[in-house]
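Heads up: the structure comes next, in structure tokens.
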Amino acid sequence: MSAPGAAEAGPAGETLFLDFFYLLRKVGLPVSSREWLTFIEALDKGLVAADLYRFYALARATLVKDEKHYDLFDQCFTHFFAGARPPRAFEKALDEWLSEPLPIPQLSEEELAALEQYGLDELREMFEERMREQDERHDGGNRWIGTGGTSPFGHSGQHPAGIRVGGSGGGRRAVQVAAKRRFRAYRTDIVLETRQLSVALRKLRRLGRDGRRTEVDIDHTIDATARNAGDIEVVMAPPRENRLKVLLLMDVGGSMDPFARLVSRLFSAAHQATHFREFHAFYFHNCVYDKVYRDALMLDGLSTLELMRWLQPETRLIVVGDAHMAPYELSATYGAIDYWQQNEVTGQAWLQRLGDHFRHRAWLNPIEKRWWMHPTITAIGEVFPMFELTLEGLGEAIEHLTA
Amino acid sequence: MFANFTGTADYIASIELQEAVNVALALQRPLLVKGEPGTGKTLLAEAVAQALDRPLFTWHVKSTSRAQDGLYVYDAVQRLHDSRFEDRDVDDIRQYIRFGGLGQSFLSPDPSVVLIDEIDKADLEFPNDLLHELDRMSFTVLETGDRHEATHRPLVIITSNNEKELPDAFLRRCIFHFIAFPDEALMARIVKVHHPAVRETLVQEAIARFYWLRTLPELRKRPSTSELIDWIGALVKGGVDPDQLAERVPYLGTLIKKEQDLDTLARFEARRRR
């Protein structure tokens, strides 16, 4: 494409610029026709002299409304007006999204079946044995504890029944959620719909008046003044405040990380906007056991029993997780996915205790509803009313929580 | 031709910012300005008013602000209070209508600049409630039925700290500019404007130290331009020798405002000395 001079804003120039408009739209910049007309109007008013820099500034000020998009706009601008390489924003974002230590190996059905030979106890023994044998870092391969291999130990690898050591989870076997699908969810939910979700979250409140009397209550003032034979009597009332207490439990340490981040950001924003009476956020990995954690790295723990003593039953409990795990993580003692979390009570029992304590609870699941046939999702769904982590699902969950 | 804003002696504006102001002026659209705290969003309105020789009206938005507050407030309690005495005619509601910053700018007989500061502090729906008034530049006082229309459409400058996302319908109507954090060269010019008499070496050293602080990823709140300017002021008053700056950071309290950050920095320094 040739590089037209900025001064050629005649009819021919406008058609050329129209291609620029469609280029911006094609790469995903939310430029509306109204904004385009504003840009054309500015050109019509002769705001631009033959100075490309000012032309650029004018175009950016009228067409781009978020600094997040500046970079992409710059790429489009240089591409269109200076013949630079076309923007590769989509691929770039995908790369960032998938920045894992090593790519996940694509295994055939046969290979997966061959690996599916070890039971849980057997795995634990082998793990401890290999911990003793191994003394250096290991990536790839099929025996040592490391990243990206097919050994049952380590992280980012693909083994149907492996023990993970730190890092993030790679392949998911029963629910085939392709990386691409997760990425799309990220784009629509975080980038585009955050505002809509925040609007939905605003409904998460229960207004009540108590505390310091700092507002003039007009109705009662008039009433009291009238009763006082016209001598003014000001009646004060406490401002309306949100009384809701909210507890957020988030599944982290794997494919759930981005969703946990999204939800945590959303609720913090909601907390700032509507001011819950109390707001607490804790983390867990796959299933809740005897401890929940204040940080996503799961170093600063709080006993789950302590949590239930501390927070009253009317606290709204919202769990964010895929509820998708190996059945023994839910139903077996010592079944936790993290080796160090040797649970004597099953995950199922812990979830039941939470369910018995918190009267108003909801589970937000980023997995689409049609995949919820999995045994652990069904089992958890019996204790926690489950909702999809979408705009509609969030709305339903909030309705359920405030009912 | 159009009025042209090129910054003032005290306010250095980039080409992009100048262009954004001029487009907003020419097209009579609101100008939305975002940027890190301390990059001079609020000062922009003052600078523009000064450069164009227009009166400035301001409306500082709070978390409890309603869209109508910027136009006018009806003081019912004052009227009720006055009703007990004979000295004022309480039938005249107009004397109990107080105009807000936006309302005043509409009523102003001369072209004016109005600053709606920190629009993101208010409720999520707040910007949408203003759409009509910003489009038409007119409003009606419900209590009296008076309709006020702007004789000159004021230049509306809106600032946002990015605490909340603004609605699309609102964004589409605005001209937008994001004030990027100044680079070291521009920062040197900005410092010169505020401290013209300070020695070059001190400014250089202070700026170098300041940008180093900003690169520390652990800091919760990174120091901003206005804090740098205060800090240099303190360094001058304290007679600090520029060479000392590489070793330690005197008057740290003017730059770092969070206790955690002071701890982080102390730990960092301790590690560096070892």
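Going through the range B:175-208 one residue at a time, which ones are surrounded by fewer than 18 Cβ atoms within 10 Å (Cβ to Cβ) and not hydrophobic (A, V, I, L, M, F, W, C)?
Passing the criteria: B:Asp183, B:Glu184, B:Arg189, B:Lys192, B:His194, B:His195, B:Pro196, B:Arg199, B:Glu200, B:Thr201, B:Gln204.
For the range A:233-250, enumerate the residues that are of a type in the set (Asp, Glu) and assigned to a strand (DSSP E or B).
As a first pass, look at the range A:233-250 and keep what is of a type in the set (Asp, Glu): A:233, A:241.
Correct list: A:Glu241 only.
Residues are listed down the side, and each one gets a yes or a no for (1) within 14 Å of chain A (Cβ to nearest Cβ); (2) more than 30 Å from B:Ala234 (Cβ to Cβ); (3) charged (D, E, K, R):
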position: B:Phe126; (1), (2), (3): yes, yes, no
position: B:Asp146; (1), (2), (3): no, yes, yes
position: B:Ile157; (1), (2), (3): yes, yes, no
position: B:Ile175; (1), (2), (3): yes, yes, no
position: B:Glu200; (1), (2), (3): no, no, yes
position: B:Gln204; (1), (2), (3): no, no, no
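B:Leu17 - would you say it is surrounded by fewer than 22 Cβ atoms within 10 Å (Cβ to Cβ) and part of a helix (DSSP H, G or I)?
no
Check A:Ser268, A:Ser255, A:Ser264 and return the single one that is modelled with pLDDT under 75, out of contact with any helix residue (DSSP H, G or I) (no Cβ under 9 Å at 6 or more places or on another chain) and more than 14 Å from every other protein chain (Cβ to nearest Cβ).
A:Ser264
Would you be able to say whether some residue in the range B:35-47 is more than 9 Å from every other protein chain (Cβ to nearest Cβ), of a type in the set (A, V, I, L, M, F, W, C), farther than 17 Å from B:Leu115 by Cα and touching a strand residue (DSSP E or B) at 6+ places or on another chain (Cβ under 9 Å)? Spell out how you get there, then give the answer.
Initial filter on the range B:35-47 (more than 9 Å from every other protein chain (Cβ to nearest Cβ)): B:36-47.
So of that shortlist, the ones also of a type in the set (A, V, I, L, M, F, W, C) come out as B:43-45, B:47.
Subset that is farther than 17 Å from B:Leu115 by Cα: none.
The answer is no, given that none of the residues of the range B:35-47 is more than 9 Å from every other protein chain (Cβ to nearest Cβ), of a type in the set (A, V, I, L, M, F, W, C), farther than 17 Å from B:Leu115 by Cα and touching a strand residue (DSSP E or B) at 6+ places or on another chain (Cβ under 9 Å).
Condition test on A:Ala260, is it part of a helix (DSSP H, G or I), buried (at least 22 other Cβ atoms within 10 Å of the Cβ), in contact (Cβ under 8 Å) with a residue 40 or more places away in the chain and in the same structural domain as A:Leu391 (by TED's automatic domain parsing)? If you could, list the steps in order and put the result at the bottom.
Working: part of a helix (DSSP H, G or I): yes; buried (at least 22 other Cβ atoms within 10 Å of the Cβ): yes; in contact (Cβ under 8 Å) with a residue 40 or more places away in the chain: yes; in the same structural domain as A:Leu391 (by TED's automatic domain parsing): yes.
Yes: the conditions hold for A:Ala260.
Against the conditions (1) closer than 24 Å to B:Asp75 by Cβ; (2) crowded, with 19+ Cβ neighbours inside 10 Å, where does B:Lys164 fall short? Just the number, please.
Here B:Lys164 clears every test but (1).
Checking the condition closer than 30 Å to B:Thr144 by Cα and among the acidic types (Asp, Glu), which residue from B:Asp82, B:Asp53 passes?
After ruling out the rest, the residue left standing is B:Asp82.
Would you check if A:Leu394 is modelled with pLDDT under 90, buried (at least 18 other Cβ atoms within 10 Å of the Cβ) and of a type outside the set (Lys, Arg)? Spell out how you get there, then give the answer.
Values: modelled with pLDDT under 90: yes; buried (at least 18 other Cβ atoms within 10 Å of the Cβ): yes; of a type outside the set (Lys, Arg): yes.
Yes: the conditions hold for A:Leu394.
For the range B:3-14, give me each residue that is within 24 Å of B:Gln104 (Cβ to Cβ), within 14 Å of chain A (Cβ to nearest Cβ) and surrounded by fewer than 21 Cβ atoms within 10 Å (Cβ to Cβ).
Initial filter on the range B:3-14 (within 24 Å of B:Gln104 (Cβ to Cβ)): B:3, B:5, B:8, B:11.
From the residues that got through so far, the ones that are within 14 Å of chain A (Cβ to nearest Cβ) too are B:3, B:5.
Within the range B:3-14, B:Ala3 is the sole residue that qualifies.
Quick one: is B:Asp146 touching a residue at least 24 places away in the same chain (Cβ under 8 Å), closer than 24 Å to B:Val21 by Cα and loosely packed, with under 14 Cβ neighbours inside 10 Å? Spell out how you get there, then give the answer.
Working: touching a residue at least 24 places away in the same chain (Cβ under 8 Å): yes; closer than 24 Å to B:Val21 by Cα: no; loosely packed, with under 14 Cβ neighbours inside 10 Å: yes.
Considered against the rule, which asks whether it is touching a residue at least 24 places away in the same chain (Cβ under 8 Å), closer than 24 Å to B:Val21 by Cα and loosely packed, with under 14 Cβ neighbours inside 10 Å, B:Asp146 comes out as no.
Test of understanding: among A:Asp295, A:Asp290, which residue is in contact with a helix residue (DSSP H, G or I) (Cβ under 8 Å, 6 or more places away or on another chain) and acidic (Asp, Glu)?
So the residue among A:Asp295, A:Asp290 that is in contact with a helix residue (DSSP H, G or I) (Cβ under 8 Å, 6 or more places away or on another chain) and acidic (Asp, Glu) is A:Asp290.
Output the helices (runs of 4 or more DSSP H) that fall wholly within the range B:184-261 and possess 2 or more residues being in contact (Cβ under 8 Å) with a residue 24 or more places away in the chain and over 20 Å from B:Lys41 (Cα atoms), or say none. Lay out the reasoning, then the answer.
On the way: elements: B:184-194, B:200-215, B:225-237.
The qualifying helices (runs of 4 or more DSSP H) are B:200-215, B:225-237.
Would you pick out the residues in the range A:37-76 that are more than 10 Å from chain B (Cβ to nearest Cβ), within 16 Å of B:Arg29 (Cβ to Cβ) and crowded, with 19+ Cβ neighbours inside 10 Å?
Across the range A:37-76, the qualifying residue is only A:Leu43.
Within the bounds of the range A:315-334, is there any residue that is in contact (Cβ under 8 Å) with a residue 60 or more places away in the chain, of a type in the set (Phe, Trp, Tyr) and buried (at least 20 other Cβ atoms within 10 Å of the Cβ)?
Scanning the range A:315-334 turns up no residue that is in contact (Cβ under 8 Å) with a residue 60 or more places away in the chain, of a type in the set (Phe, Trp, Tyr) and buried (at least 20 other Cβ atoms within 10 Å of the Cβ).
Which is closer than 16 Å to A:Val320 by Cβ and assigned to a loop (DSSP other than H, G, I, E, B), of A:Ile380, A:Ile367, A:Ile398?
Only one candidate passes the filter, namely A:Ile367.
Which one is nearest to A:Glu233 (Cα to Cα), of the residues in the range B:80-127 that are among the hydroxyl-bearing types (Ser, Thr, Tyr) and in contact with a helix residue (DSSP H, G or I) (Cβ under 8 Å, 6 or more places away or on another chain)?
Checked the range B:80-127; the qualifying residue nearest to A:Glu233 (Cα to Cα) is B:Tyr96.
Report yes if B:Ser65 is in a helix (DSSP H, G or I) and surrounded by 14 or more Cβ atoms within 10 Å (Cβ to Cβ), otherwise no.
In short, no.
Scan B:Gln95, B:Gln78 and give me the residue that is within 14 Å of another protein chain (Cβ to nearest Cβ), exposed (fewer than 15 other Cβ atoms within 10 Å of the Cβ) and over 24 Å from A:Glu67 (Cα atoms). Even if it seems obvious, please write down each step before you answer.
Numbers: B:Gln95 fails: within 14 Å of another protein chain (Cβ to nearest Cβ).
Only one candidate passes the filter, namely B:Gln78.
Among the numbered conditions (1) on the phi < 0 side of the Ramachandran plot; (2) surrounded by fewer than 17 Cβ atoms within 10 Å (Cβ to Cβ); (3) more than 10 Å from chain B (Cβ to nearest Cβ); (4) modelled with pLDDT of 75 or more, tell me where A:Tyr283 comes up short.
Here A:Tyr283 meets the rest and fails (2).
For the range A:364-379, does any single residue satisfy the condition of being buried (at least 18 other Cβ atoms within 10 Å of the Cβ) and more than 24 Å from the chain's Cα centre (by Cα)?
No, the range A:364-379 contains no residue that is buried (at least 18 other Cβ atoms within 10 Å of the Cβ) and more than 24 Å from the chain's Cα centre (by Cα).
The values are calculated or read from the model by the stated rules, or taken from the named source; none is laboratory data. From a predicted model like this one, the values you see are computed outputs, not experimental measurements. Backbone-built Cβ (ideal geometry, glycine too); neighbour counts: all protein chains shown.
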